Amino acid sequence: MDTIKLEIVTPKGPIFNGNVKSVTLPGSEGEFGVLAGHASTLALLKTGVIDIEKSDSKHDLVAITSGYAEVDESKVMILADDAVYVGGEGESEIAESIKKIESLLKEIKSDPIVVESVISDIKKIKS
């Protein structure tokens with residue numbers, strides 16, 4: 001199985017670093033997926049959720065405020081203004097992550113519709 005290297009970095013430090021099966025990004029022009037062998041591109045990212053599919057087909061999520069993605073055939077490098085890793089398997093851990101995301105999005109005075117959309121996306125993927 002082909003994998004692609006994914007790095008997500010914020011000014012505060014790294015959020016994710018590893019090989020993944022695929023990644024879906026919240027592009028400014030719409031969501032797009034990246035697999036190994038993807039054409040090189042540079043994309044503007046909007047507030048939303050990065051869906052990371054790992055080699056074992058489990059998903060990790062990272063909520064970002066905005067940023068850039070540099071993609072080539074073997075690597076995706078994301079520079080995000082701010083991000084929250086949505087971790088945990090249990091309801092309480094996921095609920096804690098959602099609270100952090102709500103706080104982050106309110107700090108940047110994000111549109112309430114965007115906040116609800118991001119939270120909805122996380123709940124759909126994690127359930």
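The values are calculated or read from the model by the stated rules, or taken from the named source; none is laboratory data. Note that the coordinates shown come from a computational prediction; the quantities given were computed from them, not determined experimentally. Using ideal geometry, Cβ is built from the backbone for each residue, glycine included, and neighbour counts are taken over all protein chains shown.
Here are a few things to note about the model shown:
- When restricted to residues that are buried (at least 16 other Cβ atoms within 10 Å of the Cβ) and at pLDDT 95 or above, the range 33-42 contains 1.
- For the range 80-109, a residue qualifies if it is closer than 20 Å to G13 by Cβ, at pLDDT 70 or above and surrounded by fewer than 16 Cβ atoms within 10 Å (Cβ to Cβ), and the qualifying residues are D81, E96, K100, S103.
- Going through (1) in a loop (DSSP other than H, G, I, E, B); (2) in contact with an Asp or Glu (Cβ under 8 Å, 6 or more places away or on another chain) one by one, F16 falls short only on (1).
- Hey, L45 more than 16 Å from I101 (Cα to Cα) and either touching a residue at least 40 places away in the same chain (Cβ under 8 Å) or surrounded by fewer than 16 Cβ atoms within 10 Å (Cβ to Cβ) (or both) or not: no
- Of the residues making up the range 64-79, not one is among the acidic types (D, E) and under 12 Å from the mean Cα position of the chain (by Cα).
- Of the residues making up the range 48-59, just one is closer than 18 Å to E96 by Cα and over 8 Å from the mean Cα position of the chain (by Cα), namely H59.
- Among the residues of the range 53-68, those that are without any contact (Cβ under 8 Å) to a residue 24 or more places away in the chain and exposed (fewer than 14 other Cβ atoms within 10 Å of the Cβ) comprise D56, K58.
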